[in-house]
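These notes are about the structure you will find just below.
The values are calculated or read from the model by the stated rules, or taken from the named source; none is laboratory data. All figures in this text were calculated on a predicted structure; none of them were measured in a lab. Every residue, glycine as well, gets a Cβ built from its backbone with ideal geometry; the counts of neighbours run over all protein chains shown. Heads up: the accessible areas ignore ligands, DNA and RNA and are worked out on the full protein's heavy atoms, side chains in. Shrake-Rupley method; radii C 1.70, N 1.55, O 1.52, S 1.80 Å.
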Amino acid sequence: SDGSAPIVRLLMARGADPKAVDVGKGTALHQAVRGGDLATIHMMLDAGLGVNDASFGGFTPLIGAAFTGTVEGVKLLLSKGANVNAVSDDGSFQKVKAGTIALGNWTALLAAATLGSPEMIRVLLDAGADVSARDVRGMTPLMLAVATDRQNATVIGLLIKGKADLNARSLAGETALDWARKIG
C-alpha cells in the first residue's frame, strides 16, 4: 500500500514545500518515518530531505524508524547514508505513569532494543550500531532488552553475540542480570 503517498504527491504537485519544518524542526521525512510509510519516505529522500537531519530532541529519521519498528524504512535510510550511531539530545525528565523518568541520548539500537524485532536488531548491528551505547541513565541496549515485560530471547541473544558487555552497569549501578532478576 502507498499509505499517504498519493496525498503527498498531490500536495507537492500543488506547490507544497517538502522541505518545510514543523515547530519541532521535524520534516516530512520524520513524519513519513513515524507513519512507517515507505513510499513517502522514498519521495522525501528524492526531494532532498536530509537523512541525518535532527528534529526537536535531536531525533534523526533513523532513530524514529527504529522506535516505530519500520525495518524497511531503517534499511532504506541506512542505504542513503543515515548515521547508525547518531545520538539524540540529553533529553529531560518525562512524566510517566509512576512518576518521572530521565530520557535521552537515544541511538537507533537503543530505540529498538526494547520492542524491536530480531530483524531490526540484526540490520542495525550489521550496519555497525554501537552495542555499548548508553542512554542518559547509562542503560545499554542489552539492559533495555531485558528490562521489559516483553523480552525477546532472540533479540537478547543477538545483542550478546554482538559483544554486549554483560557486566556493564547503569548510573544506578544495575547490570542486565539485575534487570533480568527484577523482571523475573
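Annotations
- From the Kirkwood radius over Cα pairs of segment 70-167, Stokes-Einstein at 20 °C and 1.002 mPa s returns a whole-number translational diffusion coefficient of 156 µm²/s.
- The calculated FRET efficiency for Ser79 paired with Lys163, based on their beta-carbon distance and R0 = 25 Å, is about 0.50.
- Net +/- balance of residues flanking Asp149 in space, Cβ distance below 15 Å, scoring K and R +1, D and E -1: +4
- Solvent exposure of segment 45-184 amounts to 50 Å² per residue of accessible area, where only protein heavy atoms count and the probe is 1.4 Å.
- Cβ-based net charge around Leu124, under 12 Å, with every Lys or Arg adding one and every Asp or Glu removing one: -1
- Rounded to the nearest Hz, the phi-derived 3J(HN,Hα) couplings of segment 28-38 under the Karplus curve 6.51 cos²θ - 1.76 cosθ + 1.60 (θ = phi - 60°) are 4, 5, 4, 5, 4, 5, 4, x, x, 8, 4, where x marks glycine and proline.
- Report note on the peptides 41-51, 97-107: ranked by the mean count of other C-beta atoms within 10 Å, highest first, their order is 41-51, 97-107.
- Straight-distance crosslink candidates among aspartates and glutamates, where the alpha carbon sits under 18 Å from Lys182 and sequence neighbours closer than 8 are dropped: Asp149, Glu174
- Of all the options Ala133, Ala16, Ala28, the one that moves most in a Gaussian network model of the chain with Cα springs shorter than 10 angstrom is Ala16.
- Once all protein chains are placed together, Val87 keeps about 80 Å² accessible to a 1.4 angstrom probe.
- Farthest positive-ward along the chain dipole, Cα basis, beta-carbon charges - from Asn85, Leu110, Leu11: Leu110
- Translational D in µm²/s for the chain (Stokes-Einstein at 25 °C, 0.890 mPa s, Kirkwood Rh from C-alpha pairs): 144
- Fully extending the segment from Ser4 to Thr148, taken as 0.36 nm per residue of separation minus the present Cα-Cα distance, adds 48.6 nm.
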